[in-house]
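Down below is the structure, laid out as structure tokens.
Where a number appears in this text, it was derived from the coordinates with a stated rule and is not lab data. Please read these numbers as outputs of a predicted model, since none were measured by experiment. Here Cβ is always computed from backbone atoms with ideal geometry, including for glycine, and neighbour counts include all displayed protein chains.
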């Protein structure tokens, strides 16, 4: 064989592959968010305690030289939601646990 022949249906897909992948990624994200929201609403219906939690955070202030001064003597408790995405005006707990220091101006 001198050249590989591509059947007509696959020839059309090859040019549209980036658009198809982008559409599939958007669909998966939409399905994931919708299912996360449904689980959040279910947990809220069972009581706020099953949907919400709290994380201890610390505030910090920027100082000279690009450094920050963390105020460990003033911990704050911030409510968060047990979900993958922000729901009900709360940030997800998994995100807050990884970002426990808030720099304020």
Fluctuation leader among 19, 38, 27 - the chain, Gaussian network, Cα springs under 10 angstrom = 19
Rounded to the nearest 5, what % of the DSSP beta bridges within the chain are antiparallel ones?
-> 70
Sum of -39500 (n - 2.57) over DSSP H runs of 4+, divided by residues of the chain (222 nm, nearest 500) = -15500 deg cm²/dmol
Give the angle, between 0 and 90 degrees and rounded to the nearest 10, that separates the Cα long axis of helix 8-46 from the longest principal axis of the Cα atoms of the chain.
-> 30
Could you work out the relative contact order of the stretch 8-104, using alpha carbon pairs under 8 angstrom and six or more residues apart, expressed as a whole percent?
-> 25
Which of (1) 75, 48, 21; (2) 55, 47, 30; (3) 46, 39, 20 is the computed Cα extents along the principal axes in Å for the structure on display?
-> (1)
R0 = 30 Å: FRET efficiency of residue 31 with residue 78, Cβ-based, nearest 0.05?
-> 0.55
With a point put 7 Å past each Cα toward its Cβ, work out how far residue 94 is from residue 59 in nm, to one decimal.
-> 3.0
